[in-house]
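The values are calculated or read from the model by the stated rules, or taken from the named source; none is laboratory data. This structure is a prediction, so every number in the text was calculated from the model and none was measured. In this analysis, Cβ positions are derived from the backbone assuming ideal geometry, glycine residues included, and neighbour counts consider all displayed protein chains.
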Amino acid sequence: MLQDICLLPIYVMNSLGFYNMKLTFSSIQWFIFILAGSVVAPLAIGEAFGLSLREIAGFVQRTFFVIGLVSIIQNIFGHRMPIAEGPAVLWWGVFLVFLGLNGTNNGTNDVLQSIELGLMISGLLFILLSVSNIIQHVKKLFTPIVTGTYFILLVAQISGPFVKGILGVDYKGPGIDWRVSVTAIFTAVITIIFSKSRLKWVSSYSVLFGMLIGWGLFALFKLTEPHEFELDKWIQIPEVLAWGMPKADAGVIATSIFVTLLLLVNIISSIDVVEKVTRPLSKPVYNPSGIIMGISQILSGFFSTIGFVPLSYTAGFIMTTKMKERLPFIIGSFLILLISFFPFVTVFFASIPTPVAYASMLLAFSNMIGIGIREYSQTDLNERNLFIIGISLMIGIGTMFIPTEVVATFPPVIASIVNNGLIVGVLICMLLDQLMSKKTERFTSSNKKPDKEELLRSEAQMD
């Protein structure tokens with residue numbers, strides 16, 4: 001059975017008539033990429049809320065279903081680009097913040113039910129903002145300085161969990177298991193070597209090969225942690241409102257509205273950066289993408305899962321694999337949607353060792369630093385811009401080190417912001433960029449010494 005499960009994606013594509021090897025491998029790699037980026041959040045949230053293994057498996061199943069469905073809809077009707085959908089870090093934070101704050105004062109299940117309603121309200125707000133064309137106005141706030149700062153801070157924020165994940169911190173128990181660490185580091189090195197290969201087919205599928213090798217090594221050394229419980233059905237439709245009927249909570253609703261506004265930033269930056277590594281868009285796609293995003297949030301609340309967002313680090317994956325076509329992405333998303341109806345397959349793929357997932361994705365995430373630096377290079381790095389960049393990075397990265405228990409006493413809306421250095425840094429960058437008058441830039445330029453060409457021109461005019 002294990003072998004059949006591993007070969008399921010190939011069986012499906014062959015039955016659909018996709019015999020082209022390049023298309024097959026590209027689709028499988030997108031499948032693995034989307035799966036690896038989506039499986040960690042429900043596992044971590046489920047563990048934090050004390051859910052049973054059966055409940056966590058259902059959480060993973062519903063996550064795959066919504067991600068697969070929304071990815072296809074976005075690619076066809078929304079932004080029409082190969083951008084993977086994945087759990088939004090902001091929504092992940094909302095789960096953990098209200099778990100700690102216990103805003104409903106009635107237990108974790110009520111927190112989950114209030115987040116269901118929060119997601120639905122967020123979806124309606126997304127649709128309203130998109131229809132009213134507000135997204136186009138938000139787009140103007142994203143100068144190269146803001147976009148570059150966003151990506152630098154994004155890498156800074158995820159670098160800690162990535163390194164801990166690769167080292168296997170708390171994977172097999174408290175501390176570090178050196179067998180896990182060495183195997184995961186080897187997986188990361190192999191993936192990087194494959195990505196730099198002169199053979200195009202090897203470099204294009206480096207993430208897939210790296211993950212398969214790492215997963216195989218973990219199984220060989222008995223480092224995997226399979227979920228062991230009996231399944232009731234072989235085929236099952238994802239459960240609706242699995243956490244119960246939605247409940248209203250003022251703190252969750254207020255936070256959800258604010259998160260919606262912040263996620264507008266994520267949509268715009270994700271589309272812009274993926275556009276830079278794929279192809280220029282013929283027309284703006286922010287409004288249709290925002291509408292689909294709203295549908296995505298409503299589906300997330302309806303199917304009791306985390307809120308999703310187009311993942312900006314997809315650009316790093318595309319840069320690493322050179323896969324810019326839409327068809328392999330659609331097939332990979334369809335496979336994610338398909339396996340969500342088979343609980344035994346969902347449980348199997350949910351058992352991917354997290355150190356392997358982190359290790360195989362290391363290069364794709366680190367490429368985002370280059371994207372951020374490239375954004376900075378598109379603007380004049382004068383005194384004004386360097387000041388904005390420095391202050392934003394300093395405060396944003398510094399905020400990441402504020403202990404969670406410190407912000408636990410803050411109001412929920414404020415706690416959700418202060419607990420996220422990425423958002424703090426980007427908001428400060430955006431605010432300074434808008435408030436600092438262009439006169440400052442002109443004043444700085446006027447105090448510069450004239451260069452040689454300017455002196456020659458002035459002498460010629462005098463003559």
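Within the range 24-52, residues that are under 22 Å from I318 (Cβ atoms) and free of Cβ contacts under 8 Å to residues at least 40 places away in the same chain have Cβ atoms under 8 Å from residues that are among the β-branched types (V, I, T) and assigned to a helix (DSSP H, G or I) in these pairs: T24/I10, counting only partners at least 6 apart in sequence or on another chain.
Results for (1) modelled with pLDDT of 90 or more; (2) buried (at least 24 other Cβ atoms within 10 Å of the Cβ); (3) within 13 Å of I67 (Cβ to Cβ); (4) of a type outside the set (G, A, S), shown as yes or no for each residue.
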| site | (1), (2), (3), (4) |
| --- | --- |
| V277 | no, no, no, yes |
| K283 | no, no, no, yes |
| S289 | no, yes, no, no |
| I298 | yes, no, no, yes |
| P310 | no, yes, yes, yes |
| T321 | no, no, no, yes |
| K324 | no, no, no, yes |
| F329 | no, yes, yes, yes |
| G332 | no, yes, yes, no |
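(1) at pLDDT 90 or above; (2) out of contact with any Gly (no Cβ under 8 Å at 6 or more places or on another chain); (3) crowded, with 17+ Cβ neighbours inside 10 Å; (4) aliphatic (A, V, I, L, M): which one isn't true of A184, the others all being true? All conditions pass for A184, except number (2).
Let's see how each residue does on (1) over 26 Å from L422 (Cα atoms); (2) of a type in the set (S, T, Y); (3) more than 18 Å from the chain's Cα centre (by Cα):
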| residue | (1), (2), (3) |
| --- | --- |
| I152 | no, no, no |
| I158 | no, no, no |
| F162 | no, no, no |
| V169 | no, no, yes |
| S181 | yes, yes, yes |
| R198 | yes, no, yes |
| S203 | yes, yes, yes |
| G210 | yes, no, yes |
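Let's see how each residue does on (1) at pLDDT below 75; (2) under 21 Å from P343 (Cα atoms):
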site: L2; (1), (2): yes, yes
site: L8; (1), (2): yes, yes
site: M13; (1), (2): yes, yes
site: G17; (1), (2): yes, no
site: S27; (1), (2): no, no
site: I32; (1), (2): no, yes
site: A36; (1), (2): yes, yes
site: S52; (1), (2): no, yes
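How many residues are of a type in the set (A, V, I, L, M), assigned to a helix (DSSP H, G or I) and under 14 Å from V426 (Cα atoms) when one looks only at the range 125-167?
Total meeting the criteria: 8.
Figure legend. Inter-residue proximity from the range 115-138: first residues among the charged types (D, E, K, R), second residues assigned to a helix (DSSP H, G or I), beta-carbon distance below 8 Å, spacing 6+ or different chains. Indicated pairs: E116/G301; E116/F302.
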